[in-house]
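Notes follow the structure.
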Amino acid sequence: MLRVLILGGTTEASALAEALHGDDRFAPTLSFAGVTRAPVLPRIATRIGGFGGADGLAGWLRETGTHALIDATHPFAQRISRNAVAACAAAGVALLRVARPEWRPVPGDRWTVTPDMAAAAAALGPGGRRVLLTIGRQDLAAFLPHPQHAYLVRSVDLPPAALLPPGCRLVTARGPFALEDELSLLSRHAIEAIVSKNSGGDATRAKLDAARRLGIEVVMVARPEPVPAPHVAGWREALGWLEDRHQALPTRRSV
Ligand code: NAP
(Lines give C-alpha, C1' and ligand atoms only; values in the text may rest on other atoms or scores of the structure.)
Protein backbone atom coordinates (compact mmCIF):
# COMPACT_ATOMS: atom_id res chain seq x y z
CA MET A 1 0.00 0.00 0.00
CA LEU A 2 1.36 3.41 -1.01
CA ARG A 3 1.25 5.92 1.84
CA VAL A 4 0.51 9.36 0.39
CA LEU A 5 0.43 12.83 1.89
CA ILE A 6 -1.57 15.44 -0.03
CA LEU A 7 -0.91 19.06 0.90
CA GLY A 8 -4.24 20.71 0.28
CA GLY A 9 -6.46 23.72 0.65
CA THR A 10 -7.45 23.63 -3.03
CA THR A 11 -10.12 22.02 -5.20
CA GLU A 12 -7.46 19.84 -6.87
CA ALA A 13 -6.34 18.41 -3.53
CA SER A 14 -9.93 17.62 -2.54
CA ALA A 15 -10.67 16.01 -5.92
CA LEU A 16 -7.57 13.81 -5.66
CA ALA A 17 -8.52 12.85 -2.09
CA GLU A 18 -11.96 11.86 -3.30
CA ALA A 19 -10.46 9.81 -6.15
CA LEU A 20 -8.23 7.90 -3.70
CA HIS A 21 -11.07 7.21 -1.25
CA GLY A 22 -11.83 3.50 -1.08
CA ASP A 23 -8.87 2.51 -3.30
CA ASP A 24 -6.98 -0.11 -1.29
CA ARG A 25 -3.74 0.49 -3.19
CA PHE A 26 -3.36 3.76 -1.30
CA ALA A 27 -3.32 5.07 2.27
CA PRO A 28 -3.81 8.80 1.74
CA THR A 29 -3.88 11.71 4.21
CA LEU A 30 -5.02 15.20 3.25
CA SER A 31 -3.38 18.05 5.14
CA PHE A 32 -4.91 21.50 5.66
CA ALA A 33 -3.10 24.57 7.00
CA GLY A 34 -6.06 25.36 9.26
CA VAL A 35 -6.69 28.85 7.86
CA THR A 36 -10.30 28.19 6.82
CA ARG A 37 -12.71 27.93 9.74
CA ALA A 38 -14.86 25.16 8.27
CA PRO A 39 -12.91 23.33 5.55
CA VAL A 40 -14.83 20.89 3.40
CA LEU A 41 -13.49 17.60 4.74
CA PRO A 42 -12.96 14.64 2.41
CA ARG A 43 -13.70 10.99 3.17
CA ILE A 44 -10.01 10.13 3.62
CA ALA A 45 -7.86 10.75 6.71
CA THR A 46 -7.11 14.42 7.38
CA ARG A 47 -4.76 16.43 9.53
CA ILE A 48 -5.00 20.16 10.21
CA GLY A 49 -2.25 22.67 11.04
CA GLY A 50 1.38 23.38 10.19
CA PHE A 51 4.13 20.79 10.53
CA GLY A 52 6.67 23.18 12.06
CA GLY A 53 8.67 24.07 8.95
CA ALA A 54 10.59 21.84 6.56
CA ASP A 55 12.21 19.89 9.41
CA GLY A 56 8.84 19.22 11.00
CA LEU A 57 7.42 18.04 7.70
CA ALA A 58 10.44 15.78 7.08
CA GLY A 59 9.96 14.31 10.56
CA TRP A 60 6.27 13.69 9.89
CA LEU A 61 7.07 11.95 6.58
CA ARG A 62 9.63 9.68 8.27
CA GLU A 63 7.42 8.85 11.27
CA THR A 64 4.47 7.91 9.09
CA GLY A 65 6.56 5.99 6.53
CA THR A 66 5.09 8.13 3.76
CA HIS A 67 6.15 7.10 0.26
CA ALA A 68 4.90 10.00 -1.83
CA LEU A 69 3.88 13.62 -1.32
CA ILE A 70 1.51 15.48 -3.63
CA ASP A 71 1.85 19.23 -3.18
CA ALA A 72 -1.53 20.46 -4.38
CA THR A 73 -1.40 23.74 -2.47
CA HIS A 74 -2.37 27.07 -4.00
CA PRO A 75 0.11 28.62 -6.47
CA PHE A 76 0.59 31.58 -4.08
CA ALA A 77 1.29 29.36 -1.05
CA GLN A 78 5.06 29.47 -1.52
CA ARG A 79 6.34 28.65 1.94
CA ILE A 80 4.72 25.25 2.25
CA SER A 81 5.80 24.35 -1.31
CA ARG A 82 9.42 25.24 -0.56
CA ASN A 83 9.17 23.24 2.66
CA ALA A 84 7.84 20.26 0.70
CA VAL A 85 10.86 20.34 -1.65
CA ALA A 86 13.32 20.46 1.27
CA ALA A 87 11.47 17.88 3.39
CA CYS A 88 11.09 15.34 0.59
CA ALA A 89 14.78 15.66 -0.25
CA ALA A 90 15.70 15.14 3.42
CA ALA A 91 13.31 12.23 3.99
CA GLY A 92 13.80 10.51 0.62
CA VAL A 93 10.14 10.88 -0.33
CA ALA A 94 8.94 11.23 -3.94
CA LEU A 95 7.39 14.64 -4.61
CA LEU A 96 4.97 15.82 -7.27
CA ARG A 97 3.47 19.29 -7.50
CA VAL A 98 0.03 19.93 -8.95
CA ALA A 99 0.47 23.31 -10.65
CA ARG A 100 -2.70 24.41 -12.34
CA PRO A 101 -2.06 26.53 -15.47
CA GLU A 102 -2.28 30.24 -14.91
CA TRP A 103 -4.97 32.37 -16.51
CA ARG A 104 -4.04 34.18 -19.71
CA PRO A 105 -5.78 37.31 -21.01
CA VAL A 106 -7.97 36.89 -24.08
CA PRO A 107 -9.23 39.56 -26.51
CA GLY A 108 -11.58 41.92 -24.71
CA ASP A 109 -9.84 41.60 -21.34
CA ARG A 110 -8.62 44.78 -19.64
CA TRP A 111 -5.86 43.42 -17.41
CA THR A 112 -3.21 45.35 -15.54
CA VAL A 113 -0.61 42.81 -14.40
CA THR A 114 1.40 43.61 -11.26
CA PRO A 115 4.24 41.75 -9.56
CA ASP A 116 2.73 41.79 -6.06
CA MET A 117 -0.20 42.99 -3.97
CA ALA A 118 1.34 46.35 -3.00
CA ALA A 119 1.78 47.16 -6.71
CA ALA A 120 -1.80 46.04 -7.36
CA ALA A 121 -3.11 48.44 -4.71
CA ALA A 122 -1.05 51.29 -6.20
CA ALA A 123 -2.23 50.42 -9.73
CA LEU A 124 -5.82 51.30 -8.77
CA GLY A 125 -4.71 54.93 -9.01
CA PRO A 126 -5.26 58.09 -6.98
CA GLY A 127 -8.95 58.62 -7.77
CA GLY A 128 -11.62 56.85 -5.73
CA ARG A 129 -13.01 53.74 -7.47
CA ARG A 130 -15.40 50.95 -6.59
CA VAL A 131 -13.16 47.89 -6.26
CA LEU A 132 -13.86 44.20 -5.72
CA LEU A 133 -11.03 42.47 -3.83
CA THR A 134 -11.04 38.72 -4.51
CA ILE A 135 -7.64 37.97 -3.00
CA GLY A 136 -8.49 36.04 0.15
CA ARG A 137 -7.78 37.51 3.57
CA GLN A 138 -4.03 37.48 4.05
CA ASP A 139 -3.01 40.32 1.75
CA LEU A 140 -5.73 42.85 2.52
CA ALA A 141 -3.34 45.07 4.49
CA ALA A 142 -1.79 46.18 1.16
CA PHE A 143 -4.93 48.28 0.57
CA LEU A 144 -4.85 50.14 3.90
CA PRO A 145 -2.65 52.95 2.44
CA HIS A 146 -5.27 53.48 -0.31
CA PRO A 147 -8.46 54.44 1.55
CA GLN A 148 -9.77 56.56 -1.35
CA HIS A 149 -11.45 53.51 -2.92
CA ALA A 150 -14.77 51.93 -1.96
CA TYR A 151 -13.87 48.26 -1.46
CA LEU A 152 -16.04 45.18 -1.58
CA VAL A 153 -14.07 42.27 -0.05
CA ARG A 154 -15.04 38.71 -0.91
CA SER A 155 -13.52 35.86 1.09
CA VAL A 156 -14.46 32.44 2.46
CA ASP A 157 -14.29 33.62 6.09
CA LEU A 158 -14.64 37.13 7.52
CA PRO A 159 -11.25 38.90 7.57
CA PRO A 160 -9.88 40.40 10.81
CA ALA A 161 -11.11 44.00 11.18
CA ALA A 162 -7.54 45.32 11.51
CA LEU A 163 -6.80 44.34 7.90
CA LEU A 164 -9.78 46.12 6.40
CA PRO A 165 -9.67 49.50 4.69
CA PRO A 166 -12.16 51.92 6.29
CA GLY A 167 -15.75 51.68 5.09
CA CYS A 168 -15.25 48.51 3.07
CA ARG A 169 -18.11 46.09 2.59
CA LEU A 170 -17.81 42.34 3.04
CA VAL A 171 -19.26 39.32 1.35
CA THR A 172 -18.41 35.80 2.48
CA ALA A 173 -18.70 33.12 -0.18
CA ARG A 174 -16.94 29.93 -1.22
CA GLY A 175 -16.43 29.08 -4.90
CA PRO A 176 -17.08 27.78 -7.44
CA PHE A 177 -18.83 30.88 -8.76
CA ALA A 178 -21.17 30.97 -11.76
CA LEU A 179 -20.99 33.61 -14.48
CA GLU A 180 -24.55 34.83 -13.89
CA ASP A 181 -23.85 35.36 -10.20
CA GLU A 182 -20.61 37.21 -10.92
CA LEU A 183 -22.36 39.48 -13.44
CA SER A 184 -25.04 40.20 -10.89
CA LEU A 185 -22.52 40.96 -8.10
CA LEU A 186 -20.45 43.30 -10.27
CA SER A 187 -23.51 45.16 -11.55
CA ARG A 188 -25.25 45.38 -8.18
CA HIS A 189 -22.21 47.00 -6.58
CA ALA A 190 -21.28 49.07 -9.68
CA ILE A 191 -17.75 47.62 -9.53
CA GLU A 192 -15.15 49.48 -11.63
CA ALA A 193 -12.08 47.29 -10.97
CA ILE A 194 -11.37 43.78 -9.66
CA VAL A 195 -8.16 42.77 -7.92
CA SER A 196 -7.27 39.10 -8.28
CA LYS A 197 -4.32 36.78 -7.88
CA ASN A 198 -3.49 34.77 -10.99
CA SER A 199 -4.69 31.61 -9.29
CA GLY A 200 -5.75 29.78 -12.46
CA GLY A 201 -8.35 27.01 -12.48
CA ASP A 202 -12.05 26.92 -13.20
CA ALA A 203 -13.59 27.51 -9.77
CA THR A 204 -13.05 31.30 -9.75
CA ARG A 205 -12.59 32.02 -13.45
CA ALA A 206 -16.14 33.36 -13.97
CA LYS A 207 -15.25 36.74 -12.45
CA LEU A 208 -12.81 37.25 -15.35
CA ASP A 209 -15.47 36.36 -17.92
CA ALA A 210 -17.92 38.70 -16.20
CA ALA A 211 -15.34 41.53 -16.10
CA ARG A 212 -14.66 41.11 -19.82
CA ARG A 213 -18.34 41.22 -20.61
CA LEU A 214 -18.88 44.37 -18.55
CA GLY A 215 -15.64 46.10 -19.64
CA ILE A 216 -14.25 46.14 -16.10
CA GLU A 217 -10.51 46.40 -15.44
CA VAL A 218 -8.84 43.45 -13.70
CA VAL A 219 -5.70 44.17 -11.71
CA MET A 220 -4.01 40.78 -11.85
CA VAL A 221 -1.22 39.88 -9.43
CA ALA A 222 1.30 37.66 -11.21
CA ARG A 223 2.35 34.35 -9.70
CA PRO A 224 5.47 34.02 -7.65
CA GLU A 225 8.32 31.90 -9.05
CA PRO A 226 7.32 28.23 -9.02
CA VAL A 227 9.31 25.92 -6.75
CA PRO A 228 11.79 23.60 -8.47
CA ALA A 229 9.82 20.34 -8.37
CA PRO A 230 8.39 17.94 -10.94
CA HIS A 231 4.86 19.06 -11.69
CA VAL A 232 1.65 18.19 -13.51
CA ALA A 233 -1.29 20.42 -14.43
CA GLY A 234 -4.13 18.61 -12.67
CA TRP A 235 -5.19 16.01 -10.12
CA ARG A 236 -5.88 13.31 -12.75
CA GLU A 237 -2.25 13.37 -13.85
CA ALA A 238 -1.26 13.19 -10.18
CA LEU A 239 -3.44 10.10 -9.79
CA GLY A 240 -1.66 8.47 -12.75
CA TRP A 241 1.71 9.30 -11.18
CA LEU A 242 0.60 7.70 -7.89
CA GLU A 243 -0.55 4.57 -9.74
CA ASP A 244 2.92 4.33 -11.30
CA ARG A 245 4.52 4.71 -7.88
CA HIS A 246 2.29 1.99 -6.53
CA GLN A 247 3.36 -0.34 -9.33
CA ALA A 248 6.98 0.38 -8.45
CA LEU A 249 6.62 -0.36 -4.71
CA PRO A 250 9.50 -2.69 -3.77
CA THR A 251 7.34 -4.70 -1.34
CA ARG A 252 4.81 -5.59 -4.06
CA ARG A 253 4.74 -9.36 -4.68
CA SER A 254 2.78 -11.41 -7.17
CA VAL A 255 1.09 -14.50 -5.71
P1 NAP B 1 2.13 29.38 2.99
O2 NAP B 1 2.45 30.81 3.24
O3 NAP B 1 2.88 28.68 1.93
O4 NAP B 1 2.29 28.51 4.30
C5 NAP B 1 2.38 29.07 5.58
C6 NAP B 1 2.48 27.94 6.58
O7 NAP B 1 1.21 27.31 6.72
C8 NAP B 1 3.42 26.83 6.15
O9 NAP B 1 4.76 27.15 6.45
C10 NAP B 1 2.88 25.66 6.91
O11 NAP B 1 3.26 25.73 8.28
C12 NAP B 1 1.39 25.91 6.88
N13 NAP B 1 0.71 25.23 5.77
C14 NAP B 1 0.38 25.73 4.55
N15 NAP B 1 -0.32 24.85 3.83
C16 NAP B 1 -0.41 23.74 4.61
C17 NAP B 1 -1.04 22.49 4.43
N18 NAP B 1 -1.73 22.20 3.31
N19 NAP B 1 -0.96 21.59 5.45
C20 NAP B 1 -0.30 21.89 6.60
N21 NAP B 1 0.30 23.07 6.82
C22 NAP B 1 0.25 23.99 5.83
O23 NAP B 1 0.57 29.20 2.67
P24 NAP B 1 -0.62 30.28 2.66
O25 NAP B 1 -0.47 31.14 1.46
O26 NAP B 1 -0.71 30.86 4.04
O27 NAP B 1 -1.85 29.30 2.40
C28 NAP B 1 -2.30 28.45 3.44
C29 NAP B 1 -3.18 27.38 2.84
O30 NAP B 1 -4.28 27.95 2.17
C31 NAP B 1 -2.45 26.50 1.84
O32 NAP B 1 -2.68 25.15 2.20
C33 NAP B 1 -3.04 26.85 0.50
O34 NAP B 1 -3.16 25.72 -0.34
C35 NAP B 1 -4.39 27.42 0.87
N36 NAP B 1 -4.77 28.54 -0.01
C37 NAP B 1 -3.95 29.60 -0.14
C38 NAP B 1 -4.31 30.64 -0.99
C39 NAP B 1 -3.40 31.82 -1.20
O40 NAP B 1 -3.77 32.73 -1.96
N41 NAP B 1 -2.23 31.87 -0.58
C42 NAP B 1 -5.53 30.58 -1.69
C43 NAP B 1 -6.35 29.46 -1.53
C44 NAP B 1 -5.97 28.44 -0.68
P45 NAP B 1 4.52 24.93 8.86
O46 NAP B 1 5.74 25.63 8.30
O47 NAP B 1 4.38 25.03 10.32
O48 NAP B 1 4.42 23.52 8.34
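Applying both filters, DSSP loop and at most 12 other Cβ atoms within 10 Å, to the trypsin sites (Lys or Arg not before Pro) of the range 1-98 gives R37, R43. From the Cα gyration tensor of the range 174-255, with a ≥ b ≥ c the square roots of its eigenvalues, which class applies: rounded if a/c is under 1.5, or else prolate if a/b is larger than b/c, or else oblate? Verdict is prolate for the range 174-255.
From the square roots a ≥ b ≥ c of the eigenvalues of the alpha-carbon gyration tensor of the chain, which class results: rounded (a/c under 1.5), prolate (a/b over b/c), or oblate? Prolate. Around the amide H of V113, modelled in the peptide plane, lie the amide H atoms of M220, all under 5 Å away and 5 or more residues distant in sequence or on another chain. What you get for the chain, charging only the Cβ of Lys and Arg (+1) and of Asp and Glu (-1), is a dipole of about 180 debye around the Cα centre.
Applying the criteria of a DSSP loop state and at most 16 other Cβ atoms within 10 Å to the GluC sites (Glu not before Pro) of the range 153-247 yields no site. A crude spin-label estimate for the pair R130 and E63, with each label 7 Å from Cα along the Cβ direction, gives 5.2 nm. Counting only protein heavy atoms, what percent of the accessible surface of the range 114-193 is carbon or sulfur at a 1.4 Å probe? Accessible surface attributable to carbon and sulfur in the range 114-193 totals 59 percent. Normalised per residue, the accessible area of the range 91-206 is 46 Å², obtained with a 1.4 Å probe and no contribution from ligands, DNA or RNA.
Taking a ≥ b ≥ c as the square roots of the eigenvalues of the alpha-carbon gyration tensor, the range 17-97 is classed oblate because a/c is 1.5 or more while a/b is no larger than b/c. Once all protein chains are placed together, I48 keeps about 100 Å² accessible to a 1.4 angstrom probe. Close amide H partners of A27, meaning residues 5 or more places away or on another chain with modelled amide H under 5 Å apart, are L2, R3, V4.
Quick one: ranking V131, V156 by accessible area, 1.4 Å probe, largest first, what do you get?
V156, V131
Accessible surface of E12, taken over heavy atoms with a 1.4 Å probe and every protein chain present, rounds to 30 Å². Residues in the range 135-163 near a label at D181, defined as backbone nitrogen under 20 Å from the 7 Å Cα→Cβ point? Residues 135-137, 152-159 fall inside that zone.
The values are calculated or read from the model by the stated rules, or taken from the named source; none is laboratory data. Being a predicted model, the structure only gives us computed values, none of them experimental. All Cβ positions, glycine included, derive from the backbone under ideal geometry; neighbour counts span all protein chains shown. Heavy atoms of the whole protein, side chains included, go into the accessibility calculation; ligands, DNA and RNA do not. Shrake-Rupley method; radii C 1.70, N 1.55, O 1.52, S 1.80 Å.
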